[in-house]
Amino acid sequence: MATEFEELLGFLSAPSLEVKKAAVDIVRGLTGCDEGLGPLAARADISLPPLSRLIRDAPEVAAPAAEALINLSQDPAIAEKLIALGTVPTALDVLYKHGDPNISRLLVMLLANLTQVDSGISALLQIGDDKMEGLYISKLVRSFCRPSSGESKAKDTFEHVASVLVNISKVEAGRKILLEPKRGLLKQVICQLDSTNPLRKKGVSGTIRNCCFEADNQLQNLLSVAEFLWPALLLPVAGNKVYSEQDISKMPPELGNALSHERETVDDPEIRKQSLEALYLISLQEAGRRALWSVNGPRILQVGYEDEEDPKVMEAYELIGSLLVSNDEA
C-alpha cells in the first residue's frame, strides 16, 4: 500500500494542472532542507522522472519543478541519475522553446549543477555524436554573449552559463571545443570579461585559465585570439599605475591604450590569481614566453607585483616571475 509520501509523488503525474501544481510546490519545499531531500533522494526512482517531465509543462508547474531539480542535483549521485534520464537535452530543448526568462534562468542553473559530473559534461558536449558535438555549448555561448535586452542585473537569464563554461573547460574535450578556431567560442567568451556581473567575470576568468592547460599542444589556437587574450590576462594584473610612454611604446594598442590612463582595478583577488596562472601555463612554452615578451608582458607583471597586497596573488606573480627570469638567463 502506498505511503502518503509515495501518493504525493504520484500526484506529480496527475492529469490536473492544479493537482500537479499543488504537489510540485510541496516537493519544491521539501528540497529546501536536508529532512526533505533525504526521502526524495531515497525514492529517486519515483521522484526524478516526473520532475524531469514537468519542466516541459506550463510555467506555473515548470518553474517549481526546475527549482526542485536544482536543489536535488547538488548531490552528484542524484545528478548522475538525472543525466541518465536525459535531463540535459530536455533542459536545453525547453530552454530554447519555452521563452519564459525565469524558467530559462532556472534551467541554466540546473545545467550548471549537472555539468559538475563527467557524464553531464559529456551529455552537454554531445561527445560521441560527430555531427552534433559542440552544438549545445555553442548555442549557450551565443546566448551568454548576446547583449541583454533591458534585463535587470538581478534577472540575468544566462549568467550561470559562466559556471557551465568553467565546468566543461575542466576536461580536455571541453577545452578542445572551446579552442576550435572555426567555432570562435573562446573569443566570444573572453569579451564577457568586461561584464559588470561578478559571476560572469569570475566564470570567464576561470574558463580562460582552464583553456590555458592546453597551451602545450594548442598554443597557436590560444594566440590566434591574442588581441583579446592579452588584455584579458594582463590588465587584471597590471596594477593601478599609469604606465610611461616608454613602456606603452612596446605594447600593442589594446594594452597600451588601457594602461596610458587611470582605470578601475580588478578587486577580486581570485580573478587576478587565475590570470597569473593562465600566463604561467602559456609561459611554460617557449613560443608562449616569446609572445608575452612581445607585448611587454614582463614589465606589466613587474609593475602589477609592486601594487599587489594579497599573499596568494603575490605567490602567483613570483611563480611566473621566476619562470621568466630563469628562462631569460638561460
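The modelled label-to-label distance for the pair GLU4/GLU60, using points 7 Å beyond Cα in the direction of Cβ, is 2.6 nm.
Legend: distances between Cα atoms for LYS139/LYS187; LYS139/LYS312; LYS201/LYS250; LYS139/LYS202; LYS139/LYS170; pairs beyond 24 Å are LYS139/LYS312; LYS201/LYS250. Highest-first packing order for the peptide set 189-199, 294-304 is 294-304, 189-199, based on the mean count of other beta carbon atoms within 10 Å. Cα convex hull, the chain: 150 Å³ per residue, rounded to a whole number. Partners of LYS20 within straight-line reach, counting lysines whose Cα lies under 25 Å from its Cα and excluding those fewer than 8 residues away in the same chain: LYS81, LYS97. If the segment from ALA173 to ARG43 were pulled out straight at 0.36 nm per residue, it would be longer than the present Cα-Cα gap by 43.4 nm. Computed over protein heavy atoms with a 1.4 Å probe, the accessible surface of segment 208-330 works out to 50 Å² per residue. Model label points for GLN246 and GLN302, set 7 angstrom from Cα along the Cα-to-Cβ axis, are 0.9 nm apart. Contact order, relative form, for segment 70-191: 24 percent (alpha carbon pairs under 8 Å, 6 or more residues apart, mean separation divided by residue count).
What ranking do 26-34, 157-165 get when scored by the average of other Cβ atoms within 10 Å per residue, highest first? Write out the running numbers ahead of the final one.
Numbers: 26-34: 16.2, 157-165: 24.9.
Put in order of decreasing packing, that is 157-165, 26-34.
Ordered by packing density, taken as the mean number of other Cβ atoms within 10 Å over each peptide's residues, highest first, how do 107-113, 132-138 rank?
Values: 107-113: 24.9, 132-138: 18.1.
Output ranking for 107-113, 132-138: 107-113, 132-138.
How large is the helix-only mean residue ellipticity at 222 nm for the chain, computed as the sum of -39500 (n - 2.57) over DSSP H runs with n ≥ 4, divided by its residue count, in deg cm²/dmol to the nearest 500? Helix-only estimate at 222 nm: -20500 deg cm²/dmol. Ranking LEU233, ASN210, TYR243 by how far each Cα lies toward the positive end of the dipole of segment 187-273 (charges on Cβ) leaves ASN210 at the top.
Select from segment 226-328 those GluC sites (Glu not before Pro) which occupy a DSSP coil region and have at most 14 other Cβ atoms within 10 Å, ordered by residue number.
Values: sites: GLU227, GLU245, GLU254, GLU262, GLU264, GLU270, GLU277, GLU286, GLU306, GLU308, GLU309, GLU315, GLU318; in loops: GLU262, GLU264, GLU308, GLU309.
Those satisfying the criteria are GLU262, GLU264, GLU309.
Pairs of Cα atoms nearer than 8 Å and 6+ residues apart set the relative contact order; for the chain it is 10 percent. Rolling a 1.4 angstrom probe over segment 125-278 with all protein chains present gives an accessible area of which 50% lies on carbon and sulfur atoms.
Using only the Cα atoms of segment 174-330, build the gyration tensor, take square roots of its eigenvalues as a ≥ b ≥ c, and label the shape rounded, prolate or oblate: rounded if a/c is under 1.5, else prolate if a/b is larger than b/c, else oblate. Kindly include the intermediate steps, with their values, before the conclusion.
Working: a/c = 1.38, a/b = 1.17, b/c = 1.19.
Rounded is the answer for segment 174-330, as its axis ratio a/c remains below 1.5.
Shape of segment 22-137 from its Cα gyration tensor (a ≥ b ≥ c, root eigenvalues): rounded if a/c is under 1.5, otherwise prolate when a/b > b/c, or oblate? Oblate is the answer for segment 22-137, as a/c is 1.5 or above yet b/c matches or exceeds a/b.
Rounded, prolate or oblate for segment 244-330? Axes are the square roots of the Cα gyration tensor eigenvalues, ordered a ≥ b ≥ c, and the cut-off for rounded is a/c under 1.5.
Details: a/c = 1.78, a/b = 1.06, b/c = 1.67.
It comes out oblate by the Cα gyration axes.
Taking every Cα-Cα distance in segment 138-209 and sorting them into 5 Å bins from zero, the calculated P(r) comes out as 3, 17, 32, 27, 13, 6, 2, 0 percent.
The alpha carbon centroids of segment 17-66 and segment 211-278 are separated by 46 Å.
The values are calculated or read from the model by the stated rules, or taken from the named source; none is laboratory data. Just so it is clear, the structure is predicted and the values come from calculations on it, not from any experiment. All Cβ positions, even for glycine, are placed from backbone atoms using ideal geometry, and neighbour counts span all protein chains on display. All accessible areas refer to the heavy atoms of the entire protein, side chains included, with ligands and DNA or RNA removed. Shrake-Rupley method; radii C 1.70, N 1.55, O 1.52, S 1.80 Å.
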